[in-house]
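Working notes for the structure below.
The values are calculated or read from the model by the stated rules, or taken from the named source; none is laboratory data. These numbers were taken from a predicted model, which means no experiment stands behind them. So basically every Cβ, Gly included, is an ideal-geometry build from the backbone, and we count neighbours across all protein chains shown. Only protein heavy atoms, including side chains, enter the accessible area calculation; ligands, DNA and RNA are left aside. Shrake-Rupley method; radii C 1.70, N 1.55, O 1.52, S 1.80 Å.
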Amino acid sequence: MAATYDLTPKLIPYLDRHLVFPLLEFLSMHKIYPEIDLLKAKYELLAKTNMVDFISMLYKTIHDTEEVPNEFSTKRDEVLQTLENLQSEAQKVLDIIENPEVISALRQDKLQNLNFLKEKYGLTDKMLNTLYQFGQFQYNCGNYGGASDMLYHFRVLSTDHELNVSALWGKLASDILDSNWDGALEEVQKLKETIDQKNFTSPLHQLQQRTWFIHWSIFVFFNHPKGRDNIIDVFFTPSYINTIQTACPWILRYLTTAVVTNKRKKSILKDLVKIIQQESYEYRDPITEFIESLYVKFDFEGAQHKLKECEKVLSNDFFLVATLPEFVENARYLISETYCRIHLKIDISGLSQTLNLDQEAGEKWIVNLIRDTRVDAKIDFKENTVIMNQNHTSIYQQVIERTRGLSFRSQILSSTIEKREAHQSASTAEAVE
């Protein structure tokens, strides 16, 4: 089952090779695939990088030898020489921009700063681009902290839009791999603004950029303390929901987990259920099926069964393994809350069994549920039941509840129509040409 629901093959095409490596390490630790296959995959993944010593170690392990081809030694010397040259060139630029007099003289206007440094300190575009090249080279060597610093300095001064965007992606990857989650979250926000504001040559190009962004951002969203709030806020906007539905429906696993583990965002559950239903023909796994069982079929036994499967899926997912205890706790909460809302009289033993809890734990759970959700209910300990008092919702409240998600769904519909019209216009223009 672990390999059946492994999303790594779907994620890899949208990740930089350095970002793929932690996923392969995780698969290796959890023994999801044969170790020799994973070793070969790591070797092929990193063979084109500058991490020569690590590549040599992988080669020795795979071939069970202490000897490596001469090309490894040659490449190592070349890497060290290039690193030394770039460091020497980059230091000339750093000496200028780290000068206290220069720092005090710099302003908000990049172009003004660049002209000032060119006139007074002889800084050239070639010298500035050295910072980008050095950052990129350090990244390929696996020195992610150093790469992040160089790319930051480059972006502070550079007016080259294309290189700045490339440096933004590079700094995000560097911060992720350096576990600098505060820095990475800042880069995620900047990158989203760049993608949303940029005038792309075609809707397809923007779709591709958003798809890459979604895959890179889940590293941050499931590691930063505020990440699971942010993933819901970002991914539930019409443009990103549209991207997920069009290009990467498997991301619904991560969005669903974020919603289930976030009690503050419960109001979004109705929209999530609709999206899961719409995409069920394209993508489904135990996590999305748990929501479907609970909120579409109202199948509590099915939901309990799916929750057990969810535990296995979560424990073997690189991004979600840390959410397992919280997911199970909140999923039980959702099961019991829904169960209580559609039954007038509830057998505590039966509900405890549905939640996979013993009698005592089940009683405590139900008491806490009634307290936390403030449902109108009382417990009859003699009959070992919970009696639910029905409160009929006014017609006005029903109207409010039914129309609450109308704006959100209208935005999604509008976005879809605009996308289709843009595609038709592009096709018509090509036909005319």
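So what is the relative contact order of the range 8-131, in percent, for Cα pairs below 8 Å that sit 6 or more residues apart?
About 16 percent, as a whole number.
Per residue, the convex hull spanned by the alpha carbons of the chain comes to 213 Å³.
Largest GNM mean-square fluctuation across 125, 182, 229, computed for the chain with C-alpha springs under 10 Å, falls on 125.
Under 5 Å between amide hydrogens, built in the peptide plane, is the criterion, and for residue 385 it picks out 348, 380 among residues at least 5 positions away or on other chains. Modelled spin-label separation between residue 379 and residue 68, with each label point placed 7 Å from Cα along the Cα-to-Cβ direction: 6.3 nm.
Using a Cα-Cα cut-off of under 17 Å, which lysines could be cross-linked to residue 120, ignoring same-chain neighbours fewer than 8 residues away? Leaving aside lysines fewer than 8 places away in the same chain, those within reach of residue 120 are 92, 110. Modelled spin-label separation between residue 353 and residue 311, with each label point placed 7 Å from Cα along the Cα-to-Cβ direction: 1.8 nm. Placing unit charges on each Cβ (+1 for Lys and Arg, -1 for Asp and Glu) gives the chain a dipole about its Cα centre, and among 96, 338, 147 the Cα reaching farthest toward its positive end belongs to 338.
With a cut-off of 8 Å between alpha carbons and a minimum separation of six or more residues, what is the relative contact order of the chain in percent?
It rounds to 11 percent for the chain.
Shown for the chain: the carbon plus sulfur share of the solvent-accessible area, taken with all protein chains present and a 1.4 angstrom probe, equals 50%.
Applying the Karplus relation 6.51 cos²θ - 1.76 cosθ + 1.60 with θ = phi - 60° to the range 139-144 yields 3J(HN,Hα) values of 4, 5, 8, x, 8, 6 Hz, where x marks Gly and Pro. Take 293-304, 98-109, 134-145 and order them by the average number of nearby Cβ atoms within 10 Å per residue, most first; the result is 134-145, 293-304, 98-109.
When the Cα positions of 208, 55, 256 are compared along the charge dipole of the chain, 256 comes out farthest toward the positive end, with charges on each C-beta of Lys, Arg, Asp and Glu. Only DSSP H runs of four or more residues enter the estimate; each adds -39500 (n - 2.57), and after division by the residues of the chain the mean residue ellipticity at 222 nm equals -23000 deg cm²/dmol. Taking the alpha-carbon distance from residue 345 and a cut-off under 16 Å, which lysines remain once sequence neighbours fewer than 8 residues away in the same chain are dropped? Those lysines meeting the cut-off are 378, 382. Across the cross-link table entries 226/270; 10/42; 171/265; 48/192, which are compared at the Cα atoms, the separations over 20 Å belong to 226/270; 171/265; 48/192. Using a Gaussian network model of the chain in which every pair of alpha carbons under 10 angstrom is joined by a spring, one finds that among 364, 120, 31 the greatest mean-square fluctuation is at 120.
Which FRET efficiency value, to the nearest 0.05, do you get for residue 53 and residue 10 by plugging their Cβ-Cβ distance into 1/(1 + (r/R0)^6) with R0 = 25 Å?
That gives a FRET efficiency of 0.20.
What is the extension gain from residue 39 to residue 109, computed as 0.36 nm multiplied by their sequence separation minus the C-alpha to C-alpha distance, in nm to one decimal?
Gain on extension, residue 39 to residue 109, equals 20.3 nm.
Remark: spin-label model distance residue 80-residue 99 equals 3.4 nm, labels positioned 7 Å along the Cα→Cβ axis. Under 1.5 on a/c is rounded, so check that first for the range 112-215, then, if it is not, pick prolate when a/b is larger than b/c and oblate when it is not; a ≥ b ≥ c are the square roots of the alpha carbon gyration tensor eigenvalues. It comes out oblate by the Cα gyration axes.
Calculated accessible area for the chain comes out at 53 Å² per residue, all protein chains present (probe 1.4 Å; ligands, DNA, RNA ignored). Of all lysines in the structure, those lying under 19 Å Cα to Cα from residue 308, and not within fewer than 8 positions of it along the same chain, are 297. A Förster distance of 35 Å, applied to the separation of the beta-carbon atoms of residue 270 and residue 160, puts the FRET efficiency at 0.15. Taking 11 Å as the cut-off, no amide N atom of the range 210-253 comes nearer than this to a point 7 Å along the Cα-to-beta-carbon line of residue 417. Each Lys and Arg Cβ is given +1 and each Asp and Glu Cβ -1; about its Cα centre, the chain then shows a dipole of about 1480 debye.
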